[in-house]
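> Right, I'll just put the structure down here and ask away after.
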Amino acid sequence: MGNNQLSSITLQGSRIVVAGGTSGIGFAVAEAAAKSGAEVIIASSKPERVAAALERLPQGTRGEPLDFSDEAQVRAFFARVGAFDHLVYTAGETLLLQNLADLSIEAAQRAFEVRYWGALKAVKYGAPLIRAGGSITLTSGVASSRPLPAWTIPSSILGAIESLTRTLAVELAPLRVNAVAPGVLRTALWDNMSEADREGLYDYIAEKMPVRRVGEASDVAQTYLYLMQQGFSTGQVIVVDGGHVLV
Ligand SMILES: NC(=O)c1ccc[n+]([C@@H]2O[C@H](COP(=O)([O-])OP(=O)(O)OC[C@H]3O[C@@H](n4cnc5c(N)ncnc54)[C@H](OP(=O)(O)O)[C@@H]3O)[C@@H](O)[C@H]2O)c1
């Protein structure tokens with residue numbers, strides 16, 4: 001096994017790009033990876049969020065403002081980054097939750113921009129720079145296999161991400177490509193709801209769930225690290241949802 005492959009098994013000294021690493025899941029992945037000795041580079045669209053995240057992340061973490069819906073920005077970003085070991089994609093916006101009858105098709109198409117097309121752009125320009133033994137981990141969600149009314153668009157995006165994961169695992173082999181499908185987590189993703197509605201949602205879900213709580217970003221960050229460090233899984237979607245899919 002070459003040195004490059006060894007460096008992917010221990011994160012110490014590896015270089016990791018976290019797209020969406022300024023908040024929620026991405027931030028938790030960036031923090032856990034940096035604490036494991038990786039050199040982490042985070043990117044998200046709002047400069048103030050990048051600056052705030054860098055203040056809280058371990059020293060040595062780097063970051064750049066970058067809109068993953070903009071192909072030219074994504075291409076230029078990876079050209080600046082150069083060779084690295086692991087790509088994690090968690091960038092995503094507020095969910096478009098709407099019954100089909102009320103759904104604007106234009107808004108529905110736009111909703112794929114960051115979650116799906118952004119992930120594809122990141123892989124297109126990032127994958128050629130990933131060293132042997134490295135990996136890509138994308139983000140799905142439990143709503144892919146456990147949809148609810150009004151979730152047509154978010155669930156469709158997740159389905160597309162899961163198929164993309166399997167297809168890329170075949171096309172980019174031996175580079176490993178996997179995805180994590182989290183259940184409901186306490187992150188800024190839900191900040192567009194009023195606090196009362198949000199807490200109501202968390203309580204409703206927690207009561208139903210086998211683990212009796214909603215998740216934290218740190219609960220799922222460990223799964224991204226696991227997929228980077230073990231060298232045999234590819235094309236897989238790992239559900240980390242407190243048992244949500246069962247109920
Ligand atoms: N939280 C959950 O319950 C849950 C469950 C299942 C799946 N997921 C999925 O997991 C992903 C991450 O969710 P999260 O909970 O970590 O959300 P979050 O806390 O809101 O973080 C989203 C991240 O994406 C970045 N982002 C948004 N638009 C971007 C763009 N155009 N270019 C670059 N970065 C962009 C945000 O930073 P900027 O604002 O600076 O751009 C932020 O860093 C999402 O795709 C979400 O749907 C979340």
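Values quoted throughout were computed directly from the atomic coordinates according to the rules given, and no laboratory measurement underlies them. Every value quoted in this text rests on a predicted model; they were computed, and no experiment measured them. Neighbour counts run over all protein chains shown; Cβ positions are idealised from the backbone, glycine included.
> If THR167 passes every condition in (1) within 16 Å of the ligand (Cβ to nearest atom); (2) free of Cβ contacts under 8 Å to residues at least 40 places away in the same chain; (3) not in a loop (DSSP other than H, G, I, E, B) but one, which one does it miss?
Looking at each condition in turn, THR167 falls short on (1).
> Might you let me know whether segment 73-90 holds any residue that is under 30 Å from PRO149 (Cβ atoms) and either surrounded by fewer than 23 Cβ atoms within 10 Å (Cβ to Cβ) or in contact with a helix residue (DSSP H, G or I) (Cβ under 8 Å, 6 or more places away or on another chain) (or both)?
Residues of segment 73-90 that are under 30 Å from PRO149 (Cβ atoms), as a first pass: 89-90.
When the remaining residues are screened for being either surrounded by fewer than 23 Cβ atoms within 10 Å (Cβ to Cβ) or in contact with a helix residue (DSSP H, G or I) (Cβ under 8 Å, 6 or more places away or on another chain) (or both), the result is 89-90.
Yes: one or more hits.
> So, one more: Hey, could you check segment 199-247 for residues that are among the acidic types (Asp, Glu) and exposed (fewer than 15 other Cβ atoms within 10 Å of the Cβ) and say which is nearest to the ligand (Cβ to nearest atom)? Talk me through it step by step, then tell me what you get.
First, pick out the residues of segment 199-247 that are among the acidic types (Asp, Glu): 199, 203, 207, 216, 219, 241.
Narrowing the set further to residues that are exposed (fewer than 15 other Cβ atoms within 10 Å of the Cβ) leaves 199, 203, 207, 216.
Working: GLU199: 14, ASP203: 15, GLU207: 16, GLU216: 10 Å.
Restricting to residues being among the acidic types (Asp, Glu) and exposed (fewer than 15 other Cβ atoms within 10 Å of the Cβ), the top hit is GLU216.
> Failed condition for SER104, given (1) within 14 Å of the ligand (Cβ to nearest atom); (2) out of contact with any Ser or Thr (no Cβ under 6 Å at 6 or more places or on another chain), with all others met?
Among (1) within 14 Å of the ligand (Cβ to nearest atom); (2) out of contact with any Ser or Thr (no Cβ under 6 Å at 6 or more places or on another chain), SER104 violates only (1).
> Given (1) of a type in the set (Gly, Ala, Ser); (2) near the ligand (Cβ under 10 Å from one of its atoms); (3) assigned to a loop (DSSP other than H, G, I, E, B), identify the lone condition not met by ALA181.
All conditions are met except number (3).
> Away from the ligand (no atom under 15 Å from the Cβ), under 28 Å from ARG186 (Cα atoms) and buried (at least 21 other Cβ atoms within 10 Å of the Cβ), is that true of SER140? Steps first, please.
Numbers: away from the ligand (no atom under 15 Å from the Cβ): no; under 28 Å from ARG186 (Cα atoms): yes; buried (at least 21 other Cβ atoms within 10 Å of the Cβ): yes.
No: the conditions fail for SER140.
> Then there is this: Please give the number of the condition GLN12 fails out of (1) surrounded by 15 or more Cβ atoms within 10 Å (Cβ to Cβ); (2) more than 13 Å from the ligand (Cβ to nearest atom).
(1)
> Residue check: is GLU171 within 27 Å of GLU31 (Cβ to Cβ), acidic (Asp, Glu), exposed (fewer than 14 other Cβ atoms within 10 Å of the Cβ) and out of contact with any strand residue (DSSP E or B) (no Cβ under 6 Å at 6 or more places or on another chain)?
Values: within 27 Å of GLU31 (Cβ to Cβ): no; acidic (Asp, Glu): yes; exposed (fewer than 14 other Cβ atoms within 10 Å of the Cβ): yes; out of contact with any strand residue (DSSP E or B) (no Cβ under 6 Å at 6 or more places or on another chain): yes.
So GLU171 fails the test.
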